[in-house]
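**Q** The structure is given below, and queries will be raised subsequently.
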Amino acid sequence: MENILFKIVLAAFGLAVAFVFGYFLLISYAFGVFDKSYTPEELIKIYNDRKTDIDEARYYFKKIVPEGKFIEIEFQDDHTIFRMGVAPIDSSGKWNYETMFLAWDLKINGPRVDSLLHTLNWNKGTLKVLKEKLDKAGCIQIESGEPTTIGFQRSGLGMYSFKVFERSIPDSLLRQYNDSCTYLFINRKLVLEYEGGAVGNQCFPLQSKR
């Protein structure tokens with residue numbers, strides 16, 4: 001009898017350990033604990049290797065963004081927009097989150113996307129071409145403006161991005177775009193960005209000297 005009880009207790013303990021371990025793994029995957037981190041050197045090489053494709057995506061996006069609008073869009077896959085934001089640009093050339101329409105998990109074939117595309121004078125073909133160009137560049141997200149921000153990959157809740165300037169960065173902005181945390185200045189037309197999420201690294205992880 002005691003032997004049976006011992007086996008039951010041991011089995012229950014084993015199940016509890018397995019449950020806790022499985023829950024830990026699930027949470028870890030959800031928050032990207034096992035996602036790859038990128039060094040500045042890796043990101044520079046990726047950008048240089050894909051510069052032509054990144055520029056093609058950037059130029060196409062600049063062409064389709066309506067005048068007076070700020071747009072950010074991140075694709076999850078061919079059927080889902082992970083996040084999309086649209087905001088009016090004021091007379092000073094700025095926009096703010098208080099006036100932004102922001103939505104998550106938008107099904108591309110759903111009515112909410114149809115309505116949003118109509119306000120931008122876009123169609124499903126516009127989205128398809130943009131997604132194809134970002135895929136070719138190996139990127140998942142893009143934001144309008146100067147600079148254009150092209151989201152490369154997420155790592156956990158954070159995002160690695162390339163900030164590509166049409167005009168050379170003026171001296172007055174050099175310090176802002178080289179804080180060695182969110183931004184790493186590469187040259188007058190390229191800055192690397194790491195935007196941390198709610199948890200995890202808030203600055204460039206695995207930063208090495210260049």
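The values are calculated or read from the model by the stated rules, or taken from the named source; none is laboratory data. Predicted, not measured: the structure shown is a model, and the values here were computed from it. Neighbour counts run over all protein chains shown; Cβ positions are idealised from the backbone, glycine included.
**Q** Taking the residues in the range 42-88 that are without any contact (Cβ under 8 Å) to a residue 40 or more places away in the chain and within 16 Å of ASN121 (Cβ to Cβ) as candidates, determine which candidate is nearest to the chain's Cα centre (by Cα).
**A** MET84
**Q** So TYR29 ticks every box in (1) hydroxyl-bearing (Ser, Thr, Tyr); (2) modelled with pLDDT of 85 or more; (3) farther than 19 Å from LYS131 by Cβ but one. Which box is left unticked?
**A** All conditions are met except number (2).
**Q** Can you work out which of the residues in the range 127-166 that are among the polar types (S, T, N, Q) and closer than 27 Å to GLY93 by Cα is surrounded by the most Cβ atoms within 10 Å (Cβ to Cβ)?
**A** SER161
**Q** Could you pull out the residue among TRP95, TRP104, TRP122 that is at pLDDT 95 or above and in a loop (DSSP other than H, G, I, E, B)?
**A** Result of the check over TRP95, TRP104, TRP122: TRP122.
**Q** Within the range 57-87, track down each residue that is assigned to a helix (DSSP H, G or I) and exposed (fewer than 14 other Cβ atoms within 10 Å of the Cβ).
**A** Of the range 57-87, the ones assigned to a helix (DSSP H, G or I) are 57-64.
Within the range 57-87, TYR59, LYS63 qualify.
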